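A quick write-up on the structure given underneath.
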Amino acid sequence: MNFIKSIVENKIFQWFIIGVILVNAGILGLLTMEHTPETLHVLEVLDQICLVIFCIEIAMKLIVMRGAFFKDGWNVFDVIVVGIALAPATGELSVLRALRVLRLMRLASAIPSMRRVINGMFAAIPGGGSVAAVLFVMYYVAAIMGTNFFGKTVPAHFGDLGTTFFTLFKMMTLEGWPDIASDVLEHHPRAWIFFVIFIVFTTFTTLNLLFGIIVDAMEQAKEADARQQMAEQGVEVTEQSNEMRLAIIEDDVKHIRALLTNMSAKPAGE
């Protein structure tokens, strides 16, 4: 078991798995193209080899981590993704075969920096929910106002509530909003006030606040990982320092014994 643990924790093995994931992603991309039967067979075999490697990796982690394996959400994700690839190619479960491209997402579990980004995004959900709620309220109010103000004169953009929602979304992304504003300003010269207020509050204020929450959550996730690594290194340093202290004490004891031996060996008259 110690041998398997040394393999799983080895950096070379981890980079090998990352390489297999990237190769498998390329194979899955090639499988979407037209090929001769021989080439298609080779690609399918290579895909199965990658799948076998993933299964062996998960089995090795299970042997090393045992019950703690399923306490890590990323390990559960890996099991689900690999399990989907094991679905039969025919029958009702064949549709799951299309989801085998999710194996590329295993890069997130294999690369710490990607893992921190995703963990930060999930950690930002509670704080981001409040911002999203405020943004939705602003959207709803602006959609009702826009439909009432411009619905009859510019129905292509503000004809009903759904159309207005879509128009406001395009304005928030700053995609083609000058054209929309020009169409409205032909009939409502003072409509620029509505557009300026909406864009400032949604694009430059609320969205930046949401991005700030996500960035802050990512920083916290990064700090948590750093603290965990420092704690693990601290344990290793403590063990090493204890071993060094024991070695020094043993040397001192040997030196004292040597001195006592020399003193006892000298004649009493000296």
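Fewest Cβ neighbours within 10 Å first, please rank THR32, THR173, THR147 accordingly.
On the way: THR32 8, THR173 12, THR147 21.
Final ranking by Cβ density, sparse to dense: THR32, THR173, THR147.
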Here the equivalent ellipsoid of region 2-110, derived from its Cα gyration tensor, has semi-axes (largest first, whole Å) of 27, 16, 11
Partners for LYS254 among lysines (Cα-Cα distance below 21 Å; same-chain residues under 8 apart left out): LYS266
Could you order the peptides 193-204, 108-119 from most to least packed, using the average number of other C-beta atoms within 10 Å per residue? 108-119, 193-204
If we count other beta carbons within 10 Å of each Cβ, what is the order of PHE166, PHE77, fewest first? PHE166, PHE77
By counting other Cβ atoms within 10 Å of each Cβ, how are SER182, SER130 ranked from fewest to most? SER182, SER130
Pull up the cross-link candidates among the lysines for LYS61, meaning alpha carbon to alpha carbon under 20 Å and not fewer than 8 places away within one chain. LYS5, LYS11, LYS71
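If each residue of separation counts as 0.36 nm, what is the full-extension length gain between VAL23 and ARG190 once their alpha-carbon separation is subtracted?
Values: separation 167, 0.36 × 167 = 60.12 nm, distance 5.76 nm.
Taking VAL23 through ARG190 to full extension adds about 54.4 nm, to one decimal.
Read the figures in this text as sums done on the coordinates, not as results from a lab. Quick caveat: nothing in here was measured; it's all calculated off a predicted structure. Positions of Cβ are backbone-derived with ideal geometry, glycine not excepted, and every protein chain shown enters the neighbour counts.
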